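Comments concern the structure below.
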Amino acid sequence: MFRLRLVPDNTKIPFMNGRIAGLVVSAVLSIASVVLFFYPGLNYGIDFRGGIVIEARTPQAADFPSLRHTLGQLGMGQVALQEFGSPQDVLIRLERQPGDDAAQQVAADRVRNTLAQAVPGTQVRRVEAVGASVSGELFANGMLALGLAMLAMLVYIWFRFEWQFGFGAVVTLLLDITKVVGFYAVTGMQFNLTAIAAILTIMGYSVNDKVVVYDRMRENLRIYKKMPLRDLIDLSINETLNRTLGTSMCTLLSIIPLALFGGEALQDFGIVLIFGIFLATSSSIFIAAPILLFLGENRLRRGSPDASASASGGAAASS
């Protein structure tokens, strides 16, 4: 029976030879991402910065390029358009305008009049202004969600594995998150509630990938009592390499169409997920594994050899 293999079986790639380079490059990128977070900063969306949301319905399928050009000439800052429901339904997001609530209403009326002139028959169904207090609350809740998710993952790994594995996974997860934030800063993509959902998805995928590799390392620690930890980690990574790459490839195949054809609402989400998959896959090998290696071999090796391994060794000797 034919089985697809992205890499040959019984590979012996010495991944730990690049452990220092992997950690250094990761640390530099994460530090740069933190700097970019403060300067020039993230491009916060309306969810976190406040603004105006207008729901409209056009008489026929909306012409988004034309609408974007028309509304952009109003001089009201960044305008985001999103299709929802049907091709006739348009969600318009504007930056919060200078002034009080009355100024926001004036801006909404300008958009309403412009739509009526540009596309006769357009119906404005809803106008909503997101204030600074609401956007601040959304941002705080988003950060709380990230913190609670990371804490839950730490507790899970800590109970399932030994503390060295949990420490390595959480440190790697922090490095992954900072790089995703840096990706938002470099690309200028809007950082909003969708971005929080993307980061949470990447966190889940990253931890899942590391659990697969760590589980094989734990099994091999019980079987190969005399093998140096560096060689054992290389062996474990090579044994799980096909599964790691296969899972990443299948996930990419489902996300790439989302990034290409998902429209303005989902395109950024898909692009960030693609970046996150590459990031999580590489960090499992070049960051999480070296951290585990540097924690020390003696702390991970204790107890007697696994009984099943001894039995299989005896059977092999008798044959």
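The values are calculated or read from the model by the stated rules, or taken from the named source; none is laboratory data. This one's a predicted model, so the numbers in the text were calculated from it and none came from an experiment. Positions of Cβ are backbone-derived with ideal geometry, glycine not excepted, and every protein chain shown enters the neighbour counts. The protein model used for the area step is the full one, side chains on, heavy atoms only, and it has no ligands, DNA or RNA in it. Shrake-Rupley method; radii C 1.70, N 1.55, O 1.52, S 1.80 Å.
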Compute the helix-to-body angle for 19-38: its Cα long axis versus the longest principal axis of the chain, expressed 0 to 90° and rounded to tens. 20
Amide H proximity to Gln88 below 5 Å, modelled H, separation 5+ or other chain, gives Ala62
Accessible area expressed per residue, the chain, with surrounding protein chains retained (probe 1.4 Å, Å²): 52
Can you bin every Cα-Cα distance in region 206-267 into 10 Å intervals starting at zero and give me the percent of pairs per bin, rounded to whole numbers? 20, 35, 22, 14, 8, 1
Can you give the charge dipole size of the chain about its Cα centre, rounded to the nearest 20 debye, using +1 on the beta carbon of Lys and Arg and -1 on the beta carbon of Asp and Glu? 1040
Report, in debye and to the nearest 20, how large the dipole of region 80-183 comes out about its Cα centre when Lys and Arg carry +1 and Asp and Glu carry -1 on their Cβ. 140
Assuming 0.36 nm per residue, please report the length gained on full extension of the stretch Val24 to Tyr39 beyond their Cα-Cα distance. 3.2 nm
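Can you give the translational diffusion coefficient of region 59-184 in µm²/s, computed by Stokes-Einstein from the Kirkwood radius over Cα pairs at 37 °C and 0.692 mPa s?
Answer, rounded: 179 µm²/s.
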If you only keep lysine pairs separated by 8 or more in sequence, or across chains, how many in the chain come under 20 Å at the Cα atoms? 4
Rounded to two decimals, the Rg over Rh value of the chain from Cα coordinates and the Kirkwood Rh reads 1.12
Just add up the charged neighbours of Gly50: K/R +1, D/E -1, any other residue whose Cβ is under 13 Å from the Cβ of Gly50. -3
Dipole magnitude (debye, nearest 20) for region 51-130, charges at Cβ of Lys, Arg, Asp, Glu: 100
Ignoring ligands, DNA and RNA, please state the percent of accessible area on the chain from carbon and sulfur, probe 1.4 Å. 63
The summed charge of the Gln88 Cβ neighbourhood (under 14 Å; Lys/Arg +1, Asp/Glu -1) stands at -2
Per-residue [θ]222 nm for the chain (sum of -39500 (n - 2.57) over DSSP H runs n ≥ 4, rounded to 500): -22500 deg cm²/dmol
1/(1 + (r/R0)^6) with r = Cβ-Cβ of Val171 and Phe84, R0 = 41 Å, i.e. FRET efficiency to nearest 0.05, evaluates to 0.55
Rg/Rh (Cα only; Kirkwood hydrodynamic radius) as it applies to region 27-85: 1.15
Rounded to the nearest 10, the angle in degrees between the Cα long axis of helix 307-318 and the longest principal axis of the Cα atoms of the chain comes to 50
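Find, to one decimal place in angstroms, the Kirkwood hydrodynamic radius of region 51-130, where the mean of 1/r is taken over every pair of different Cα atoms and then inverted. Mind showing how you got there, number by number?
Details: mean 1/r = 0.0803 Å⁻¹.
The answer is 12.5 Å.
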Tyr224, Tyr44, Tyr205, Tyr39, ranked by accessible area, largest first (probe 1.4 Å): Tyr39, Tyr224, Tyr44, Tyr205
Cβ-derived FRET efficiency at R0 30 Å, Val186 paired with Ala61, nearest 0.05: 0.30
Rg(Cα)/(2.2 N^0.38 Å) for region 132-282, N = residue count: 1.18
How large is the accessible surface of Ile291 in square angstrom, using a 1.4 angstrom probe and rounding to the nearest 10? 20
